[in-house]
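Scroll down for the structure; my scribbles are underneath it.
The values are calculated or read from the model by the stated rules, or taken from the named source; none is laboratory data. Quick caveat, the model's predicted, so the values are computed rather than measured. Don't worry about glycine lacking a Cβ; one is built from the backbone with ideal geometry, like all the others, and counts go over all protein chains shown.
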Amino acid sequence: MQSKFLPFCVFFCVFLFQLLQACPAGAGDAPKVLGVDFYPSGAKFLFQTGQPGPDGRFELSLSGAFDPSSVRFPKREEALFVKVEQVLREEWTPPALQSLKREIDRKGRDLKLLESHQNAIQQTLERVNGPLPKDFSGKDLILYIGDSREMLARLGEELVDLNLTMEKAGKELNALQAEYQRRMPGNAGSVIQIQGASATKQPLLFEAFTPHAGWAVFYDMNLDSATGLIDAKMRARAWQKTGLDTVGEFTFHTRQPFFSIVPPEVRPLTVNLRSSTPPSPHPAYSKAKAEVLYEAADDTFAAPTPRTQPQMVSTMADISVKGKGDLTGDGKPGDVELGRFEMKSAPVLVAVPEQNPQAWIVASMDTLVETLLPGTAELAVDGEKTGVSRVNEHDEEPLRLPFGMASRITAKKIPLVGKTGSSWLGKGILEDGYTLEITNGMRTECKITVKDRVPVSVNDKISLEITKIDPTPTDRDRDNRIAWELTIRPGETKKIVVEYKLFYPGDEKLEYR
């Protein structure tokens, strides 16, 4: 028996060895991710192939979420040939969704068991509700009918409970299936197959772009109201739906890359008689010109230099920042820390009674230590959360960031009762104005900037005369926006009175915008 089995084992081992020699190593495997460049819409992945076979050949596959036309080997001299093909794939579960898929399968099995139980109860009810047995009579028939009624009542209650349980289980299953589909990579029904050969017999680097990714800047900023120091933390909220979980260093870019750019040229302006035949195309436009600018980054992603501040690189076309983290491939947003920095500011209180009954806490910065990328900022004052604001691109100084409301500094705008009339010249006259009341509910003296406005005429037929402003404003611009710098003691209320007249044609009506 043993002597007959030994030749078969030897034959099988030889066959297996030949099969492994014939297939390139890592055939069909997912490549290793070395780094990712994120853009506002999309991401460029840098991959490494597996170890080629003895003949230098390699074969691997990418998720259909990638653009097959963007697959590119930066060191072309190392790739003897490359073939990229997008084909349909069988049902596939990305690593990031395998636990969810197992939960869906379990829920599906549980629901099928409930359905089987439901069918069994319905069949029993049909039998009990069927014709009475012919061989039952007298007392036996009475007992059978009583037992049947009791069984019908019990099975009916059980069926009602079972239907409710099945309805709940069905909704849970549908919700899980919807979440599964929502988190599946783009073009999940296809796969990109890459075949090639390495001239160096070593793994090769290549890159591919996916539109199923993106990122945005977020800040956490805390203002120390006593010192004016702003402790800021920058982070990137990124996502990608490629089915590949990624861990390592990411580069976040603020500008979207162009895959194809047509150089700007001035088209000749030709003139001809209307009755003539159309001219032939100008020689300069006989052939389309295009320049592909989708270039690779460095061949490898070097580890960042350890430091706390964000690692920013600014060029004429882009600003990028690096960070380390991990992101799942199911589109779930994840935060990647980019660094921390400090900004010195002068906290000021600004009241705009026409807009809000409370004063604003504003951090004013004459100079910036760091370049701020546009993004969302979660704000705090002295460690207490105050709200969310937007940091926009800025070219002019000073930069002013609102940090929330000073609830104990209140401001009211009380309109005066307007009076209308006319003059002997036929002009209409409107006498109007308002009173501002600013109250300091804090225990310390504070300086506050109060802002308001009076009308500005955009019509030559309307003229303005300011009859009273008390106290005298600190500033007034050409658009009649007025500001006062006030010092208010604890518990004190200060008043500002503004009165003016508008002169206009008596047969017209005024309109404010």
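Brief remarks follow.
- Restricting attention to segment 470-491 and to residues that are outside any loop (DSSP other than H, G, I, E, B) and among the basic types (Lys, Arg), the residue that is surrounded by the fewest Cβ atoms within 10 Å (Cβ to Cβ) turns out to be Arg481.
- Residue list for segment 459-469, filter: surrounded by fewer than 17 Cβ atoms within 10 Å (Cβ to Cβ) and either assigned to a loop (DSSP other than H, G, I, E, B) or free of Cβ contacts under 8 Å to residues at least 24 places away in the same chain (or both): Asn459, Asp460, Lys461
- Sole exception among (1) in the same structural domain as Thr435 (by TED's automatic domain parsing); (2) farther than 19 Å from Glu437 by Cβ; (3) touching a strand residue (DSSP E or B) at 6+ places or on another chain (Cβ under 8 Å) for Glu499, by number: (2)
- Of the residues Lys494, Lys501, the single one that is surrounded by 12 or more Cβ atoms within 10 Å (Cβ to Cβ) and in contact (Cβ under 8 Å) with a residue 60 or more places away in the chain is Lys501.
- Number of positions in segment 326-364 that are under 28 Å from Leu229 (Cα atoms) and touching a residue at least 60 places away in the same chain (Cβ under 8 Å): 22
- Among (1) among the β-branched types (Val, Ile, Thr); (2) under 30 Å from Glu172 (Cα atoms); (3) under 31 Å from the mean Cα position of the chain (by Cα), the one test that Val71 misses: (2)
- 3 or more residues among the hydroxyl-bearing types (Ser, Thr, Tyr) and at pLDDT 85 or above: qualifying strands (runs of 3 or more DSSP E) within segment 382-458: 427-440
- Test for Thr493: is it assigned by TED's automatic domain parsing to the domain that holds Arg408, within 22 Å of Thr444 (Cβ to Cβ) and among the polar types (S, T, N, Q): yes
- When residues of segment 196-241 are limited to those that are closer than 30 Å to Asp366 by Cβ and polar (S, T, N, Q), the one surrounded by the most Cβ atoms within 10 Å (Cβ to Cβ): Asn222
- Scanning segment 104-127 for residues that are of a type in the set (A, V, I, L, M, F, W, C) and touching a residue at least 60 places away in the same chain (Cβ under 8 Å), we see that the one that is surrounded by the fewest Cβ atoms within 10 Å (Cβ to Cβ) is Leu111.
- Here Glu115 fulfils each of the conditions (1) under 23 Å from Val191 (Cα atoms); (2) of a type in the set (Asp, Glu); (3) more than 34 Å from the chain's Cα centre (by Cα) apart from (1).
- Scanning segment 73-97 for residues being outside any helix (DSSP H, G or I) and touching a residue at least 24 places away in the same chain (Cβ under 8 Å) gives a total of 16.
- Scanning segment 196-230 for residues that are part of a strand (DSSP E or B), among the polar types (S, T, N, Q) and under 30 Å from Ala346 (Cα atoms) yields a single hit, Asn222.
Each row is one residue, and each column tells you yes or no for (1) surrounded by fewer than 18 Cβ atoms within 10 Å (Cβ to Cβ); (2) aromatic (Phe, Trp, Tyr); (3) out of contact with any strand residue (DSSP E or B) (no Cβ under 9 Å at 6 or more places or on another chain).
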site	(1), (2), (3)
Leu46	no, no, no
Leu62	no, no, no
Lys75	yes, no, no
Lys83	yes, no, no
Val87	yes, no, no
Pro95	yes, no, yes
Arg102	yes, no, yes
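- Of the residues making up segment 166-195, those that are surrounded by 15 or more Cβ atoms within 10 Å (Cβ to Cβ), touching a strand residue (DSSP E or B) at 6+ places or on another chain (Cβ under 9 Å) and either in a loop (DSSP other than H, G, I, E, B) or among the hydrophobic types (A, V, I, L, M, F, W, C) (or both) are Pro185, Gly186, Asn187, Ala188, Val191, Ile192, Ile194.
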